[in-house]
Amino acid sequence: MYTHRKNFWRTHGFTCLTGLLLLFALKLYYSRTDCDGLLWILAPTAWWIHTLSGISFEYLPHAGYVNHSFRFVIAASCSGIQFWIVSTALLLFSFLPRIRGQKEGLGWLGISFTVSYIFTILVNGFRILLSLYLPLYLSDIHKYHHLSRWITPERLHTMIGIAVYFGSLLVLFFVIEALFQGTDHSFSYLLLKQNPLLTTHMRWLLPAFWYFAVVLGLPLLNRAYQHNRQSFTEYALTILSVCLPMSLLFWLVSKAFIWKKRS
């Protein structure tokens, strides 16, 4: 275990810097390209959706993968790049203190990007299918006028994305955490040991931190929210209204599981 911060930065400082540069480069590339430049992630996503459901998509240059029956387009905004960035940052920086050597750390950098890329395609496929089918099951919502005013199709689409991505991020973190279980070198152990204010029931703060840092923190830092403050505020409130109840539910379930295990 790293007994001093200098040991960590001496071993993994280059890996951390490389990871940050790659993530920012990916974010910059995503903001400046279109569907044609994202075929490397859009194509396998469309294939995965077709494998799961049989729904076929036709690629239209500069537009994306289109399904005319559902009137749905897998465009650049549906690529899942942002989720890939979040999940990569979560894996890389949350578990890098577990890695002993510099070469192993660089290997973990590659593993983090690769695992997150595959995981993003899998999760994004389920998210898109849910976005296609759930509104059909909720088509009677217009009967409840007070709900239909708030849950618009656009807002429902956003809420589905937030719930699927945030929930999947929690699952990813605790699956990887379980692989490191049995040692005292996982990042959560180091964090909890150094900060007695946190308990083992609060480990979900790590995926929550990276999720909020990327989807809300970066727009605040680069002042992108100034282009449409009302839209950003609504988006931020929607994120909080979805993530906070999910976090509370997850905390209650984990606490009940630990209590049952002890009893």
task: Kindly identify the range 1-66 as rounded, prolate or oblate by the Cα gyration tensor criterion: order the square roots of the eigenvalues as a ≥ b ≥ c, call it rounded if a/c is under 1.5, otherwise compare a/b with b/c, prolate if a/b is larger, else oblate.
output: oblate
message: I'd like to check one number: the per residue accessible area of the range 21-64, probe 1.4 Å, reported in Å² as a whole number.
response: 57
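Out of the total accessible area of the range 72-121 (probe 1.4 Å, heavy atoms of protein only), what percent is carbon and sulfur?
Here it works out to 67 percent.
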- prompt: Which of the listed residues, Ser77, Phe95, Ile41, is farthest toward the dipole's positive end in the range 10-100, when Lys, Arg count +1 and Asp, Glu count -1 at the beta-carbon?
  reply: Phe95
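Which shape class, rounded, prolate or oblate, goes with the range 6-162 when its Cα gyration tensor gives a ≥ b ≥ c as root eigenvalues, a/c under 1.5 marks rounded, and past that a/b bigger than b/c marks prolate? Don't skip to the answer; put the middle values down first.
On the way: a/c = 2.68, a/b = 1.97, b/c = 1.36.
The shape class here is prolate.
The values are calculated or read from the model by the stated rules, or taken from the named source; none is laboratory data. Source: prediction; values computed, not measured. As a convention, Cβ positions derive from the backbone with ideal geometry for all residues, glycine included, and neighbour counts pool all protein chains shown. Side chains are part of the model used for accessible areas, which takes the heavy atoms of the whole protein and leaves out ligands, DNA and RNA. Shrake-Rupley method; radii C 1.70, N 1.55, O 1.52, S 1.80 Å.
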